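Have a look at the structure below before the remarks.
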Amino acid sequence: MQLSAYARPNQLQGGTKVTMTRTTFQVVCAVFLLGGSAVRLVAIEASAVEAQAGASPFEEFEAIQASYFPMLDLRVSRAQRAAIPQFAARISLIADDVRRLQSQGAIQDQNHLAIAGLVFIYDALMTLNNTYAALDGVFALDALTSARRFADQDASDRDELMARSLYALSELDDAAILRPDDRRIDSWRAAINTSIEKIQTGSVSDATLAQVLDTIDARPTFNLWTALLMFQGKDASTALLGRLVDAAKSFVDSTNDGTDPCSVRPQDCQNGPHAPYNFQSSVVVLGDAFLRRANHLLQAGDVAGAMPLAFYAQGTYRELQAPSHLPDTQNWPDRAAISVRDAAVEGLLNAQPFDDATLIEADAYLRAYECSACHGRAAQ
């Protein structure tokens, strides 16, 4: 089985140093539901990045999984954040070891091949999460490159960011070979292409954004949410966001007509050990698509178009208060995200639009789009 031949870290060459400006990128989150015992979110410790002497890469991967999801939480203390680059470098080394075994033909068991693909997924998405964090100024790019560089030593910051994105894309290409039925990968690859184009040109074209929407049908219970995450903050008046809202509406309607995709893949739609607040965060961002589009239509004077979507938003958010979901909603660390949305939808239903720019910059709004809103916050 031939994996991709992308140049691995430290193989890209030179460039001119540039000054990075703060750019808001949408972190592409991943819902990993692998079964097994519940994961306790632990404080990040330096020991989490230490390799186990004599352990196989698969044993190392199993050992670090409990520490992985807390490492996605960037709202931790400075000391805890300082451990993240080394942890990410450790995952990349595990991926290197898995890739070496694969190239030698040493992995034949189908289960191990699937896990190898999962290693590449974890590595790719951790690499992206940290790359976006550097772009947003959460920590300096130097903090990442001190742990592991992906471009040549003398390369520019832009070249390093591009190398990281291309590396992550190659990891997902390899994962798709090893996990051909895992169609979540389609949406992640499309999402990475938006970041590559952003670094290359400074903007993302409609054609590239449309590729994210094109992946929804392959696995609507997951890829719809990748699209919702990627369109967070995008202009609510665009045809592309209208297309996303149509897909979201179709998903909601399917729950009432006997074709609910969640009945096919319930693990995508439920809380679980690795995603204890999957339902809460997913419902919030789903409702946001209706909320923001309704607001745009109301401001444009299209009351007839706005009100049905406002009711979709209200009904979606209200699912959080259903008896079966209320205990988790009450324990959700990011439950402050709910009240700002309830107030906005209440205003719409009274024909009072809100200022979209203010809403999408509010902390209570943004935190629902962070990986840890779904996977849980790290202990501090």
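Bear in mind that the values in this text are calculations on the coordinates, not laboratory data. Quantities reported herein were computed from a predicted structural model and do not represent experimental measurements. Cβ coordinates were reconstructed from backbone atoms using ideal geometry, including for glycine residues, and neighbour counts include every protein chain displayed.
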> What's log10 of I(q)/I(0) for segment 298-356 at q = 0.14 Å⁻¹, Debye sum over Cα points only, no solvent?
Replying inline: -0.44
> Just the C-alpha atoms of segment 241-287: what Rg/Rh do they give, with Rh taken as the Kirkwood radius?
Replying inline: 1.00
>> Per DSSP helix of 4 or more residues, -39500 (n - 2.57); summed, then divided by the residues of the chain. What does that give at 222 nm, rounded to the nearest 500?
In response: -18000 deg cm²/dmol
> Taking +1 at the Cβ of each Lys and Arg and -1 at the Cβ of each Asp and Glu, which of Y277, A66, L229 sits farthest along the dipole of the chain towards its positive end, judged by Cα position relative to the Cα centre?
Replying inline: A66
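If you count, for each residue, the other Cβ atoms within 10 Å and average over each peptide, how do 281-290, 64-73, 337-346 line up from highest to lowest?
Values: 281-290: 25.3, 64-73: 21.9, 337-346: 18.1.
Result, highest mean Cβ count within 10 Å first: 281-290, 64-73, 337-346.
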> Considering the alpha-carbon set of segment 266-380 alone, what are its Rg and its Dmax in angstrom?
Replying inline: 14.5, 48
> Of the labelled options [x] 21.5; [y] 22.1; [z] 23.4, which one gives Kirkwood radius over Cα pairs in Å as computed for this structure?
Replying inline: [x]
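How do 302-313, 367-378, 150-161 rank on mean C-beta neighbours within 10 Å, highest first?
Details: 302-313: 17.4, 367-378: 23.5, 150-161: 19.4.
Answer by packing, highest mean first, reads 367-378, 150-161, 302-313.
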> Out of residues 5 or more away from G272 or on other chains, whose amide H comes under 5 Å of its own, with H placed 1.01 Å from N in the peptide plane?
Replying inline: Y277, N278
> What does the charge add up to near A336, with Lys and Arg as +1, Asp and Glu as -1, over the other residues with Cβ less than 14 Å from its Cβ?
Replying inline: +1
> How would you rank 223-233, 107-117, highest first, on the average number of other Cβ atoms within 10 Å across their residues?
Replying inline: 223-233, 107-117
> Across segment 152-162, in residue order, what do the Karplus-derived ³J(HN,Hα) couplings come to in whole Hz, using 6.51 cos²θ - 1.76 cosθ + 1.60 with θ = phi - 60° and x for Gly and Pro?
Replying inline: 4, 4, 9, 5, 6, 4, 5, 5, 5, 5, 5
